[in-house]
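**Q** Take this structure, written in structure tokens, and hold onto it; I'll ask about it next.
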Amino acid sequence: MSGRDRPAFGLSFDPRALTDLLQAPSDIRDLALTQLQDIVAARLFGAKLTRDLAGCRKVYVDHRNAWRIVYAQRPAPATSTHTTEIHVVAVRPRGAHDVYDTARTRLGIARWPLGERTHAARTRSPQLGVRPPVPKPGPPPYMLPGHPQPALPPPQKDPVR
């Protein structure tokens, strides 16, 4: 094995991710293993995920982008020959965000029922206190008897020619 073929990272699997891989269709399994080989050899880096899965990356497995691998790059155990390892969290279809929901569950991340910005926009700051009642509009003051009426608009002058 030359230095070029030596893996740059160690590889570990969540046991359920290994089950995902074994239960995937054979063509998807072969493609996923090829992708993982490229990731471990540092020839491929997945796109960074955001929000709840920040710190994880995703890789498209097939050309239709129907299957994904979600993994995290983390420090390797002290007994490893590598300083960093690729930890595979999920290998699943993307449909209905299955792979991301599964990864969240496996990492113990509770999902917000709404997006962060939506949640923030819909909540009220506790610093605002209780809202005072909004007064109902009454009749305009000039409608009340004994009050002055609004002035009539000034008459229009004919344009000078």
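The values are calculated or read from the model by the stated rules, or taken from the named source; none is laboratory data. Bear in mind the structure is a predicted one, so any value in this text is a computation, not a measurement. Quick reminder, even Gly has a Cβ in these numbers, built from the backbone with ideal geometry, and neighbours come from all protein chains shown. To get the accessible areas, we keep the full protein, side chains included, count just its heavy atoms, and leave off ligands, DNA and RNA. Shrake-Rupley method; radii C 1.70, N 1.55, O 1.52, S 1.80 Å.
**Q** Output the residues belonging to the stretch 67-112 that are buried (at least 16 other Cβ atoms within 10 Å of the Cβ), among the hydroxyl-bearing types (S, T, Y) and over 30 Å from R6 (Cβ atoms).
**A** Once the filter is applied, which keeps residues that are buried (at least 16 other Cβ atoms within 10 Å of the Cβ), among the hydroxyl-bearing types (S, T, Y) and over 30 Å from R6 (Cβ atoms), the stretch 67-112 yields Y100, T102.
**Q** Based on this model, can you work out whether R64 counts as assigned to a loop (DSSP other than H, G, I, E, B), of a type outside the set (G, A, S), out of contact with any Lys or Arg (no Cβ under 9 Å at 6 or more places or on another chain) and open to solvent by 40 Å² or more (accessible area, probe 1.4 Å)?
**A** Here the answer is yes, as R64 does meet what is asked.
**Q** Something else now. Quick check: anything in the stretch 35-49 modelled with pLDDT of 85 or more, open to solvent by 70 Å² or more (accessible area, probe 1.4 Å) and polar (S, T, N, Q)?
**A** yes
**Q** A follow-up question, please. Considering each of D14, D52, D27, D101 in turn, give the residue that is on the phi < 0 side of the Ramachandran plot and at pLDDT below 85.
**A** D52
**Q** All but one of (1) in contact (Cβ under 8 Å) with a residue 60 or more places away in the chain; (2) outside any helix (DSSP H, G or I); (3) not aliphatic (A, V, I, L, M) hold for R43, so report the exception by its number.
**A** (1)
**Q** Here is a follow-up. Out of the residues in the stretch 55-84 meeting the condition of being modelled with pLDDT of 90 or more and charged (D, E, K, R), tell me which one is farthest from A24 (Cα to Cα).
**A** My answer is R57.
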